[in-house]
Amino acid sequence: MSTLDLTRLQDELRHQGILMSFSGPFSHSIIEELGKAIRHYLESTEVAGSALMDVFAVYIEQAQNVRNYISRLEAGPEKTRLAGSGIVVIAQDEQRYVISSGNLLDRTDAPALTAHLERLRSLDKAGLKALYKEQMRQPLNPQGGAGLGLIGMARKSAAPLEYALGDVDERYVFFSLRVVI
Amino acid sequence: MDSLVIEESRSSPAIRLDAGARGLSISGESYPENAAAFYAPVFAWLKTFLAELEPAAMVRVDLAVRYLNSSSTKVMLNFLDLLEQAAQDGAQVIVNWRYDSDNESILECGQDFSEELTALTFNLVEQSQEPP
């Protein structure tokens, strides 16, 4: 988009039902501010309190996951590229809310993440609760990352978690995650 | 022993730990940048408090959180585990988990915790939402 005319971008956002999106380096204060904005927006609509808190909760978990993961990788030389790779999108699809996130993922981390997500996708609500309880007892990683976030999202999600791994280069893939409330 | 008071922020709860009254309260939302670091003083305080507690003393714990992120959930379980241990050792520990009627997630979270705890008394207390 080389001109100042943003109508195409706006049309695209509207077409996809996107209420809010952030793409770029996440800081804790950005996560807080966007969380406040999405809650104010949802409070102004007719959405039920429980759905509002679920959308907010999934947004926070996704944004903090992206931030925590990227800050662990950031020590390397590709700091700026990695930091800028995070994205979180909140969209409305008729009566549902869709919260999605994405970030660059080191290829070596992909198999474990895929296995974890496939396991979550195979479990019903009772199975997810049992796994959540088990993981709740595991010690907290001091860098953040409780290992509980994805399980919690799967418990809240109206449909199995959807994810995709897109080819980027020799070192990275792009991880996308989609949760429906 | 001094009280520990931490004021509420957008992503961290208000904390009031009163040794004299043996009353502990946490209220608000919890998704701090680093939950382990944020709650470290709370654990330091609680461990000292419980070590100095007279046998069979009563401790009242009021938890009115509206949201816990996943790290804070683990921290809260650790917090409750310490109180559970005190209850097993003879203290009378009463936890009131307060939830808004329209916040099912936090009710579910309270239920998850209550299933993990047996010696302390864990009450799920519904409250109608405060006016904005």
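The values are calculated or read from the model by the stated rules, or taken from the named source; none is laboratory data. Only a predicted model underlies this, so the values are computations on that prediction, with no experimental measurement involved. Cβ coordinates were reconstructed from backbone atoms using ideal geometry, including for glycine residues, and neighbour counts include every protein chain displayed. In case anyone asks, the SASA skips ligands and DNA or RNA and just uses the protein heavy atoms, side chains included. Shrake-Rupley method; radii C 1.70, N 1.55, O 1.52, S 1.80 Å.
Please say if the range A:1-141 is rounded, prolate or oblate, where rounded means a/c under 1.5 for a ≥ b ≥ c the square roots of the C-alpha gyration tensor eigenvalues, and otherwise the choice is prolate for a/b larger than b/c and oblate otherwise? It comes out oblate by the Cα gyration axes.
Inside 10 Å of the C-beta atoms of B:63-74, what's the mean count of C-beta atoms belonging to other chains? Before the final figure, lay out each step's value.
Values: counts 0, 0, 0, 2, 5, 2, 9, 19, 11, 3, 8, 10.
The shielding value for this peptide is 6.
Highest average first, the peptides A:161-167, B:6-12, B:71-77 ordered by how many other beta carbon atoms sit within 10 Å of their residues are B:71-77, B:6-12, A:161-167. When Lys and Arg each count +1 and Asp and Glu each count -1, what net charge do the other residues less than 11 Å away from A:Leu161, Cβ to Cβ, add up to? Once positives and negatives cancel, what remains is +3. In this structure, the amide hydrogen of B:Ala57, modeled 1.01 Å from its nitrogen in the peptide plane, lies closer than 5 angstrom to those of B:Gln92, counting only residues at least 5 positions away or on a different chain.
Find the accessible area per residue for the protein assembly as shown; the probe is 1.4 Å, ligands and nucleic acids are left out, and the unit is Å².
Details: 15510 Å² over 313 residues.
Averaged over the residues of the protein assembly as shown, the accessible area is 50 Å².
Per-atom-type breakdown for the range A:13-129 gives carbon and sulfur 52% of the accessible area (1.4 Å probe, protein chains only). Put a dot 7 Å past the Cα of B:Glu54, heading toward its Cβ, do the same for A:Ile30, and the two dots end up 5.5 nm apart.
Springs between Cα atoms under 10 Å define the GNM used for chain A, and in it the highest mean-square fluctuation of A:Arg72, A:Arg107, A:Arg155 occurs at A:Arg72. Work out the FRET efficiency for A:Glu94 and A:Leu6 from their Cβ-Cβ distance, taking R0 = 22 Å, and round it to the nearest 0.05. E(calc), rounded to 0.05, equals 0.30.
Remark: the protein assembly as shown is approximated by an ellipsoid whose semi-axes, taken from the C-alpha gyration tensor as √(5λ), come to 37, 22, 19 Å, largest first. What are the ³J(HN,Hα) couplings of the range B:71-85, residue after residue, when phi is run through the Karplus curve with 6.51, -1.76, 1.60 and θ = phi - 60°? Round to Hz, x for glycine and proline. Result, rounded to whole Hz: 5, 5, 5, 5, 4, 5, 5, 4, 4, 5, 4, 5, 5, 4, 4.
For the range B:1-52, the square roots of the Cα gyration tensor eigenvalues, ordered a ≥ b ≥ c, give a/c of at least 1.5 with a/b no greater than b/c, which places it in the oblate category. Using only Cα positions of the range A:21-82, each an equal point scatterer, no hydration layer, compute I(q)/I(0) via Debye at q = 0.14, 0.18, 0.22 Å⁻¹ and quote the log10 values to two decimals. After summing over all Cα pairs, the log10 values are -0.46, -0.67, -0.87.
Given a 1.4 Å probe and every protein chain left where it sits, what share in percent of the accessible area of chain B is carbon and sulfur?
On the way: 2740 of 6000 Å².
About 46 percent, which is the carbon plus sulfur part of the accessible surface.
How big is the B-A contact in terms of buried accessible area, both chains counted, 1.4 Å probe, rounded to the nearest 100 Å²? Mind dumping the intermediate values first?
Details: alone 7320 and 10790 Å², together 15510 Å².
Chains B and A together bury approximately 2600 Å².
Each residue of the range A:58-67 is assigned a 3J(HN,Hα), and the resulting list reads 5, 4, 4, 4, 5, 5, 6, 4, 4, 5 Hz, derived from the Karplus form 6.51 cos²θ - 1.76 cosθ + 1.60 (θ = phi - 60°), x at Gly and Pro. Overall shape of the range B:4-127 was characterised from the C-alpha gyration tensor. The equivalent ellipsoid obtained from it has semi-axes of 21, 17, 13 Å, in decreasing order.
Put simply, the amide H of B:Val125, placed in the peptide plane, has neighbours under 5 Å in B:Trp97, B:Arg98, B:Tyr99, leaving out anything fewer than 5 places away on its chain. Here each label is just a point 7 Å from Cα along the line to Cβ, and for B:Asp18 and B:Leu82 those points are 1.9 nm apart.
Expressed as a whole number of Å, what is the distance separating the alpha-carbon centroids of the range A:17-36 and the range A:95-157? Spelled out, the Cα-based centre of one part sits 21 Å from the other.
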